[in-house]
1. Roll a 1.4 angstrom probe over the protein heavy atoms and tell me the percent of accessible area of the range 24-86 that is carbon or sulfur.
2. Report the gain in length on full extension from residue 65 to residue 52: 0.36 nm times residue separation, minus Cα-Cα distance, nm rounded to one decimal.
3. Can you give the extra length, in nm with one decimal, that the chain gains between residue 36 and residue 83 once fully stretched, where that is 0.36 nm per residue apart less the Cα-Cα distance?
Amino acid sequence: MQQPDPHHTIPGDLAPHIPADVYQRAQATGQPVVIVVNGTDPSGFPWRRVLIPFAIAGAVVAGGWGLAAALCWLMDVAAHTATAIAGAVAGPLGVGGITLKLVQSKK
């Protein structure tokens, strides 16, 4: 049996099915068997090449907005904390009906 010619073999893992009677007739008569393989090359615009950078840029923008929102919230909490501490130094601190006097007056 001859080795298959590498220029006439189908590339990749594609293994086409040849019906047994066609194969046996080709072996007996020596006529060639023609296998038609449809190409899978995309003929349209490669959307994946364009959409992936936009998806990455969108994720960066969303992350930036999330970071800005987190920093604003942190600054708001820090301002409220500073206000509560400053109020506690100046007078009593009251939470839910319980009042604490943290600093005694100098009078």
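1. 70
2. Length gained, residue 65 through residue 52: 2.7 nm.
3. Values: separation 47, 0.36 × 47 = 16.92 nm, distance 8.00 nm.
Stretched out fully, the residue 36 to residue 83 stretch lengthens by 8.9 nm.
The values are calculated or read from the model by the stated rules, or taken from the named source; none is laboratory data. A quick note: this is a predicted structure, and the numbers were derived from the prediction, not measured. The area values use the complete protein model at the heavy-atom level, side chains included, leaving out ligands, DNA and RNA. Shrake-Rupley method; radii C 1.70, N 1.55, O 1.52, S 1.80 Å.
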